[in-house]
Each structure stands twice: as C-alpha cells, then as structure tokens.
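Structure first, then comments.
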Amino acid sequence: MNAVLEKIQKLGIVPVVVLNDAADAEPVAKALCSGGLPVAEVTFRTDAAEESIRIMKEKFPEMLVGAGTVLTVEQAERAIGAGAEFIVSPGFNPTVVKYCIEKGVPMTPGCNNPSAMEGAMELGLDVVKFFPAEASGGLKAIKAMAAPYVNLKFMPTGGINEKNIREYLAFPRIIACGGSWMVSGDLVKNKEFDRIEELTREAVMTVLGFELKHVGINCENEAEAEKTAGFFARAFGFAGKSGNSSVFAGSYIEAMKTPYLGAKGHIAIGTNNMERAVNYLEVMGISTDQETAKYKDGKMTAVYLKEEVSGFAVHLLQK
C-alpha cells in the first residue's frame, strides 16, 4: 500500500471538507490538527478548493491534505499543483486514475460494484473508495465484495458518522472512513472553528475508544502482592487471580509481585486500535517506548509511554 495511504490508515478518519471561501482553510486546518486529526480531503466542488489546499499545506506542512470529488485530469493537475498528496473521486475514471499514477500521487476512485473494482485493480490499485457507502449496502456489502477480492482494501464514504464508524473500522479490510460530520458546511459557514475542533476530538476518541483497564501497584514481593490483592478482595468482593508476575483483584487492580515500571506502579489504558492510538499520541507530542512493546500474531498488543505521570508509568493495551 502507498505510504500516504498507510498514514491515512493510522488516522482512521478522513474529514471531507467543503470550503466556499479559501479564508476558512487555515482555521479549519488548525481545528482538525488541534483535535488530533491532521488530515483533510478538500472537495473540488467549489472554486475555493485549489487555493484552500495550497493554504493548508503552507500553514500546516505536517498535515495530510488531499483533493476529493476530482472528476477530470485538469482538476487532478490543479490539485496536485496546489500540494494535494492524495486524490479521491466519486467514481472510477480510468483516465484520471492513470494520470495520478503517472504523477506518483495515490488515487482512490469510487467503486461500489465488482466491475469498477476489477477496473481499479487492473490499473494496479489496492485501495478504493466505497461510495456512497450506506446507500450501496454499507458494511454488509463491503464484506460481501471483499471476499473474492482478497487483496483489495476500502475507504468507505457516504453516510459514515459517529454512530457507525467503529463498526466499519472493526473490519480489517477498511483502512479508514471518510466523513464530514465534524466539519459540516454550517459549522464552517458560521465560523464555529472551536466546535469543529471539539467534534474532531470526539470523533478521534470514538475511534480509539480509550478507557481505563486497570491500575498496577508495585509491591516489594509476592507476599505483599497477595496481601494487597487480598485487601481489595475482602473489602469489595473482587475475585483474586494469581499469575506469574502479579496478582489481580477483579479486573481493575493488579498487584505486582516485584516492582516494575513506574515508581508507584502503572496505569493501563485500553484502546480499540494500538496502531492508531500510538499514532494519535505521537501527533499530540507523546512518545511511546517501543522497547516495551508486546506483540501477538505480528500485531502490537501493549506498549508503555516514555514519560511517567505522578510516579505511575502508563501503558496502552489492546482491547
């Protein structure tokens, strides 16, 4: 898969942005980046699209900016010239696809039927936009069409929102979903950029699904760990369970048999997707210690953050 599309996969959401005034490009980009989602698909439905892409890339070079609703080679040329790093179209136009391939810019054409998908694959594409997603049968249709095309991945758009995006992203053949609910036309028109940032952060949190899983308490030895877990079992009825390195009281308290990371212990935060969670934290300036990462079947299942918080180490945990 193309490197730009790999970055999009780590984000999980592609905000679809319609701008009628290029003056709104900078504050919208700022709101998306501050909300933890440094990516935008600026649609070529308006005359402001080309200049908006240029402004976003100049003001926020770390941001992934692409062009959507690209229908012609001329539009693709203008978008790429303005700095677009990926191109998206509502349908499958071989001429536009070939042009983007020649320019080395990833293109995800809209495909909602086997014929279009095979046409895209014929040109060497391995990711297509499933559009309009909900109107074309939604996740059920994607799964059905994914079965015979084992190497094809999807980026559905159309009817995706905060209520169904988790379900879509749970299917491993979907790299990301396009959506506009966090940056609707009315929000942009009314200059509600703070609200865009708020909704963007909520969208990211919905995808990542962060939640407290357990608190680890560093004990000096096994006897102290048993005593600590025993207290919570006696006081609150949490069932005790002893393992190789710790004793759990219920699922929320872990008493370590020997001190581990963190002066006092550790806090485990669960997430729906480790790769996206690590990427999000990096966007927010928080680093993970990859030497502590644990894997199962080639996928990361746990990793600690580099910094401690009030004497506690913090680690992510795949739900």
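The values are calculated or read from the model by the stated rules, or taken from the named source; none is laboratory data. Just so it is clear, the structure is predicted and the values come from calculations on it, not from any experiment. No Cβ is skipped: glycine too gets one built from the backbone with ideal geometry, and neighbour counts run over all protein chains shown.
Which one is nearest to Gly158 (Cα to Cα), of the residues in the stretch 171-219 that are surrounded by fewer than 19 Cβ atoms within 10 Å (Cβ to Cβ) and of a type in the set (Phe, Trp, Tyr)?
Trp181
Out of all the residues in the stretch 159-170, which are of a type in the set (Gly, Ala, Ser) and either crowded, with 16+ Cβ neighbours inside 10 Å or under 15 Å from Phe131 (Cα atoms) (or both)?
Of the residues in the stretch 159-170, the ones of a type in the set (Gly, Ala, Ser) are 159, 170.
Result: Gly159, single match.
Report whether or not Gly81 is among the small types (Gly, Ala, Ser) and closer than 17 Å to Pro106 by Cβ.
It is true that Gly81 is among the small types (Gly, Ala, Ser) and closer than 17 Å to Pro106 by Cβ.
If you check Lys7 against the conditions, is it out of contact with any Lys or Arg (no Cβ under 8 Å at 6 or more places or on another chain), charged (D, E, K, R), closer than 21 Å to Val278 by Cα and surrounded by 16 or more Cβ atoms within 10 Å (Cβ to Cβ)?
Yes; evaluated as a whole, the condition is true for this residue.
Would you be able to tell me the number of residues in the stretch 94-138 that are at positive phi and either in contact with a strand residue (DSSP E or B) (Cβ under 8 Å, 6 or more places away or on another chain) or part of a loop (DSSP other than H, G, I, E, B) (or both)?
3
Which one is modelled with the lowest pLDDT, of the residues in the stretch 265-288 that are within 20 Å of Leu212 (Cβ to Cβ) and surrounded by fewer than 16 Cβ atoms within 10 Å (Cβ to Cβ)?
Met284
Among the residues of the stretch 36-53, is any over 27 Å from Asn93 (Cα atoms) and of a type in the set (A, V, I, L, M)?
yes
Output the number of the condition that Gly159 fails; it satisfies all remaining conditions of (1) of a type in the set (Gly, Ala, Ser); (2) within 20 Å of Lys7 (Cα to Cα); (3) part of a loop (DSSP other than H, G, I, E, B).
The number of the failed condition is (2).
Can you spot a residue in the stretch 84-93 that is under 19 Å from Leu5 (Cβ atoms), among the small types (Gly, Ala, Ser) and not in a loop (DSSP other than H, G, I, E, B)?
no
Just checking, which of Glu62, Glu41, Glu85, Glu26 is within 26 Å of Asn279 (Cβ to Cβ) and crowded, with 24+ Cβ neighbours inside 10 Å?
Criteria check complete, one pass: Glu41.
Need a quick list: strands (runs of 3 or more DSSP E) entirely within the stretch 162-256 having at least 3 residues that are of a type in the set (A, V, I, L, M) and over 30 Å from the mean Cα position of the chain (by Cα). Walk me through how you get there before you give the answer.
Details: elements: 177-179, 211-218, 240-242, 246-249, 253-256.
Correct list: empty, since no element meets the threshold.
Kindly indicate whether any position in the stretch 51-65 is in contact (Cβ under 8 Å) with a residue 12 or more places away in the chain, touching a Ser or Thr at 6+ places or on another chain (Cβ under 7 Å) and in a loop (DSSP other than H, G, I, E, B).
No, the conditions are met nowhere in the stretch 51-65.
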